[in-house]
1. Within segment A:24-61, how many residues are open to solvent by 10 Å² or more (accessible area, probe 1.4 Å) and small (Gly, Ala, Ser)?
2. Select, from B:Asp119, B:Asp134, the only residue that is over 24 Å from B:Thr212 (Cα atoms), among the charged types (D, E, K, R) and within 14 Å of chain A (Cβ to nearest Cβ).
3. Kindly indicate whether any position in segment A:310-326 is in a helix (DSSP H, G or I), of a type outside the set (Asp, Glu), under 22 Å from A:Leu413 (Cβ atoms) and out of contact with any Pro (no Cβ under 9 Å at 6 or more places or on another chain).
4. Quick one: in segment A:163-179, of everything that is hydrophobic (A, V, I, L, M, F, W, C) and within 12 Å of B:Val89 (Cα to Cα), which residue is farthest from the other protein chains (Cβ to nearest Cβ)?
5. Say we look at segment A:347-370 and pick out the residues that are part of a helix (DSSP H, G or I) and in contact (Cβ under 8 Å) with a residue 40 or more places away in the chain; which of these is surrounded by the most Cβ atoms within 10 Å (Cβ to Cβ)?
6. Within segment A:188-227, how many residues are out of contact with any Leu (no Cβ under 9 Å at 6 or more places or on another chain) and at the interface with chain B (Cβ under 10 Å from one of its Cβ atoms)?
7. Answer with yes or no whether B:Ile55 is open to solvent by less than 60 Å² (accessible area, probe 1.4 Å) and away from chain A (no Cβ under 11 Å).
8. Are any of the residues in segment B:17-26 more than 14 Å from chain A (Cβ to nearest Cβ), assigned to a helix (DSSP H, G or I) and buried (at least 21 other Cβ atoms within 10 Å of the Cβ)?
Amino acid sequence: MWLFEQIVEFFSFQDVNIRYVALGTLLLGASSAVVGCFTFLRKKALVGDTIAHSILPGICLSFIIFKTKDPLMLLLGAMLSGWLSVYVVDYISANSKIKPDTAIGLTLSVFFGVGILLLTHIQHSGNSAQAGLDKFLFGKAASLVQNDVITFGIVSVILIGTIILFFKQFSLISFDVHFAKTIGLSVRTFEVILSTITVLAVAIGIQTVGVVLMAAMLITPAAAARFWTDKLKVMVIIAAIIGGVSGIFGAFISYTAPSMPTGPWIVAVLSFIAIGSMLVAPKNGAISKSRKQKKNQRKILEDNIIKLLYKLGEKENEFFKNRSIRTLKNYREYPEKKLLKGLNILKKKNQVVLVNDLWVLTEEGKKAGMRVVRIHRLWELYLTTYLRIAPDHVHEDAETIEHIITPEMESKLEHLLDYPEKDPHSANIPYKNEKDINE
Amino acid sequence: MNIQVDNPVLEVHDLTVSYDKKPVLWDVDFTIPYGNLVGIIGPNGAGKSTLIKAIMGLVPKGSGYIKLYDDSLDSVRHKVSYVPQRESVDWDFPASVLDVVLMGRYGKKGLLKRVSKKDKEIAYESLKRVNMLDFASRQISQLSGGQQQRTFLARALAQEADLYLMDEPFAGVDAATERSIVDLLLEMRKEGKTIVVVHHDLQSAIDYFDWTLLLNTRLVASGPTEKVFTTELLQETYGGKLTLLSKIGDLMKEKQFPAREK
């Protein structure tokens, strides 16, 4: 009940403070996620981290110079040093033997080191106005006030607006920068715009989640969204939703437990969504992959049992004879449980029936079994004919391939081999009926 | 042998290109006539890709100039199309084949206008010409090497250019795809287009190209294919780098010496 009340209280947004914090984190989460999509696609994930760390000296310097915590002044300093760091990374990697990853490492640590130095200096300077400046290190979302939210709102509009306006340009330079240049696009200009809005997103977000976690706000939503879609526009929208939702939930969690910091919780929720996406995403997710594996195993089991029943029928020239589990086990060493599981699936498919504890093929089952045997033998013949593999080496391969060949491939095989009668081991290749062969 | 033509579609004059001060192209100078299928042939590291990148303004020139249609690249961009190497992009990018082909339309109409119905028609038409119509909505991450190459060609076709510069369009594609690409290039030539292709298979080059450039950091020959394909010239191209030339290049890099005094 307590939780429910908390939920109602939070999400009704009656409390002004709650409204500011929720709206602020939502705007921040969504807009940095949108910008982060392009950072992610341009494989510049670590540049986001560099900017975040490099903003600290800018904030400290502008405090030392202007002696004020006016957010706009601090933002100005933040923008300048953040931007400088991007330039330094680019300059080092373009003009020296140092590779980009090293350039990033160097720049990040030097800027951050200077930032910490300045911060320590300020804290020991006895200036009472400095109190709270350290919130830039770890962020302090719970202290968001109306002014902050207005600033966030304006910046979000700038960020998202810029992305919408230059969506084509940004996607073009993210995918194929050389081509973009050859059609006359000023690539440099758009790279600068993209870096600038990235710096802006980081500079604004840093007050909420802090230097250390800001990179996650940029990159994680994009990485999670990528699992769900192959369309760039959809990816950007999903990332925005993930970022926004994480923002609100982070704020909610720290609201219900006031000792909990907001920034880390936003990142925790983000990471949870990202890991969840990795697991359950429809095409590339780990769960869907393991489901596919299971499906394959079941298909193999089904096919093998129906094939066994068919081959027994073929051998004894009596397809519809009752057969006991023990007989089947004699021919193929399955654990009884597995065998029964397979038989029950086939029963549901109406390919076998159970009569007095004995199993019998149905007409449909006979067809299915015949198909597996036919594909197996056609494939063996294909391997010996087209790949020149020795007849005694083809069985193992056909054992697997028989489960995956589609009806289209099957008919292609039949055409290619011209409806052969015998496989390489002189076994008959069974067809549905004679008409098939003449067609 | 360097046969110069009057009124060329492309003129490269005394072009030197260096990477980190080391020249990879030395004083390359040639002209190419209209309406030809042109091959740039040479061993690995001969600077073939660098040459067409320099023509497209993708790498800075150390010296010399390039004229297309007797004009600068910037004024004739809409008539020129560049097909980069397939491996130069990450095919895991979230886009469909149609999205990529539509990029070919961006240059023609400026990037602020929306994609029109006509643009889409042209994109589909281009896909049809490379036999990729069925793949229009396919994710590019699911394409085979040959399909990726044909997607790039469709994008180039959608540009409706007159001069095409292609970087290794036959690299890593199967024989059937290579054949179909060659047919397409011949068809384009018939329409009066000029196509310049970076290629490194000597065997097929003689069949494909009307005009051939032999390149190995310096221009060995430029002229009609049958005149250029002599044992002597081929040996000169493939017989390794000129020792003195490479030594000077290394020295320039070591001393960080500029390509021109200026």
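1. The qualifying residues number 2.
2. Going through B:Asp119, B:Asp134 in turn, the sole match is B:Asp119.
3. yes
4. Among them, the one singled out is A:Ile173.
5. A:Gly369
6. The qualifying residues number 1.
7. In short, no.
8. No, segment B:17-26 contains no residue that is more than 14 Å from chain A (Cβ to nearest Cβ), assigned to a helix (DSSP H, G or I) and buried (at least 21 other Cβ atoms within 10 Å of the Cβ).
The values are calculated or read from the model by the stated rules, or taken from the named source; none is laboratory data. From a predicted model like this one, the values you see are computed outputs, not experimental measurements. All Cβ positions, even for glycine, are placed from backbone atoms using ideal geometry, and neighbour counts span all protein chains on display. Accessible surface is based on the protein model in full, side chains and every heavy atom, while ligands, DNA and RNA are left aside. Shrake-Rupley method; radii C 1.70, N 1.55, O 1.52, S 1.80 Å.
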